[in-house]
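The values are calculated or read from the model by the stated rules, or taken from the named source; none is laboratory data. Being a predicted model, the structure only gives us computed values, none of them experimental. FYI the Cβ positions are ideal-geometry reconstructions off the backbone, even for glycines, and counts take in every protein chain you see.
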Amino acid sequence: MEKTITARTGNEAMAEAMRQINPDVCAAYPITPATEIMQIFAGFVNDGKVKTNLITVESEHSAMSACIGSAAAGARTMTATSSQGLALMHEILFIASGIRLPIVMADVNRALSAPINIHCDHSDTMAERDSGWIQIFSENTQEAYDSMLQANRIAEHKDVQTPVMVTTDGFIISHGMERLEMYPDAEVQKFVGEYKAQYTVLDTDHPITVGSLVLTDYYLEYKKAQHEAMKTAKRVILEVGKEFGKTFGKEYGLIETYKTDDADFIIVVMGSTAGTTKAAIEELRQEGIKAGLLKIRVFRPFPAEEIAAVLSKAKAVAVLDRCESMSNQAGPVAVEVKSGLYDAGVKVPLASYIYGLGGREIYIEDLKNVYRELKNISEGKSKPEQAKYIGLKE
């Protein structure tokens, strides 16, 4: 297979993936830093490069509502948003997942107000972690592109039928230019396949009810069905990731590890910071410190067992959250990691850190200091702190 080597921003890469997928419907409303995705895609629509019906609406709430209508009618449906836009969709996200509509959304991670901020953290997606959407985080432009190509296959699987959001870190990935391997259009379309909805409101020979009132009689059963679909999604994500690897050369899973086989100290992180952490690991390894990385790629469904299996070998662990949960305990990722370790019977010292809120930079030296603190914890020189801020101005 002849790949095209090019340079693209994360937004450009996600728009190109959408072009190759050629969805039936896209409904969207612009918001920084995700505006460019739909702006570029609108150009593809205008130039006749896709057959997509592009719906421009008056708000993100309306965008997701339109997506629900098109998906319920049997159309392959995609959209893009960020931050306050995702928050404005909040009630509609639950409807999309509750009705089991396989919508795919590109979300560019950005801080939620207040105060007003347009830069990256994970507060927007973390606020929607329990909305019933599968959540996939990207380390770089290539992963954003690759994950978008896998998302429809995952969402539309007959045993999943659950919406998917693929995220990138705002400005860091969305506007950062990186090397990108693009695959031939024909191969992408073959991999993604044609979409035929299992159910559609337009099939008058087999009428269905969508958005019905369900009270105490069957609401619990509806939620149990979603619960089971999320459990099944773990298997499907792995199957799609393996097939993607056979087709395009890189296999994807729920997590990714970097030098954890012999690591004494492991950082757990999501998104673009994983790349910076790898650079810190290389420098520390030269100093004789056995540092490793566990990157969570899929946050929903949460890969608790897989994470526990890796961290069980470590002497000390740090979980870095680019989000503040205001629980006074730890960030949302750290809380879930702790829960997974508890269930697996893994007792390892775990420190949690908050970093990068509102786009605050995190540097290689910051991460090296975290590893050094883990070394001190393992030697009994200090105790693990919870929700310790990195890079805070005193």
Answer from LEU215, LEU220 - the residue that is assigned to a helix (DSSP H, G or I), exposed (fewer than 11 other Cβ atoms within 10 Å of the Cβ) and without any contact (Cβ under 8 Å) to a residue 12 or more places away in the chain: LEU220
Does the stretch 121-138 contain at least one residue that is within 15 Å of ALA15 (Cβ to Cβ) and crowded, with 24+ Cβ neighbours inside 10 Å? yes
Return yes when VAL236 is aliphatic (A, V, I, L, M), modelled with pLDDT under 95 and touching a helix residue (DSSP H, G or I) at 6+ places or on another chain (Cβ under 8 Å) and no when it is not. no
For the stretch 245-294, enumerate the residues that are touching a Lys or Arg at 6+ places or on another chain (Cβ under 7 Å), under 23 Å from ASN109 (Cα atoms) and in a strand (DSSP E or B). ILE255, GLU256, VAL269, LEU293
Enumerate the pairs (first residue in the stretch 132-148 and acidic (Asp, Glu); second residue anywhere and buried (at least 24 other Cβ atoms within 10 Å of the Cβ)) with beta-carbon separation below 7 Å, excluding pairs fewer than 6 apart on the same chain, so at least 6 apart or on different chains. GLU139/GLY271; GLU139/SER272; GLU139/ALA274
For the stretch 299-394, which helices (runs of 4 or more DSSP H) that fit wholly inside it have 3 or more residues that are assigned by TED's automatic domain parsing to the domain that holds GLU287, more than 23 Å from the chain's Cα centre (by Cα) and charged (D, E, K, R)? 364-378
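Quick grid of which residues meet (1) modelled with pLDDT under 95; (2) within 17 Å of ARG76 (Cα to Cα); (3) in contact with an Asp or Glu (Cβ under 9 Å, 6 or more places away or on another chain):
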site	(1), (2), (3)
PHE171	no, no, no
GLU178	no, no, no
MET182	no, no, yes
ASP185	no, no, no
VAL188	no, yes, no
VAL214	no, no, yes
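Would you be able to say whether some residue in the stretch 14-25 is more than 20 Å from LYS190 (Cα to Cα) and either in contact with a Phe, Trp or Tyr (Cβ under 9 Å, 6 or more places away or on another chain) or not small (Gly, Ala, Ser) (or both)?
no
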Search the stretch 259-272 for residues being surrounded by 24 or more Cβ atoms within 10 Å (Cβ to Cβ) and of a type in the set (Val, Ile, Thr), and hand back the single one that is nearest to GLU365 (Cα to Cα). ILE267
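Could we say that PHE94 is at negative phi and in contact with a strand residue (DSSP E or B) (Cβ under 9 Å, 6 or more places away or on another chain) here?
For PHE94, the condition - at negative phi and in contact with a strand residue (DSSP E or B) (Cβ under 9 Å, 6 or more places away or on another chain) - is not met.
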Restricting attention to the stretch 351-358, does a residue exist that is touching a Pro at 6+ places or on another chain (Cβ under 6 Å) and free of Cβ contacts under 8 Å to residues at least 40 places away in the same chain? yes
Of ALA155, ALA151, ALA144, ALA114, the only residue that is farther than 17 Å from ARG297 by Cα, of a type in the set (Gly, Ala, Ser) and at pLDDT 95 or above is ALA114
Among (1) surrounded by fewer than 21 Cβ atoms within 10 Å (Cβ to Cβ); (2) touching a Phe, Trp or Tyr at 6+ places or on another chain (Cβ under 9 Å); (3) among the charged types (D, E, K, R) - the single one GLU306 does not satisfy: (2)
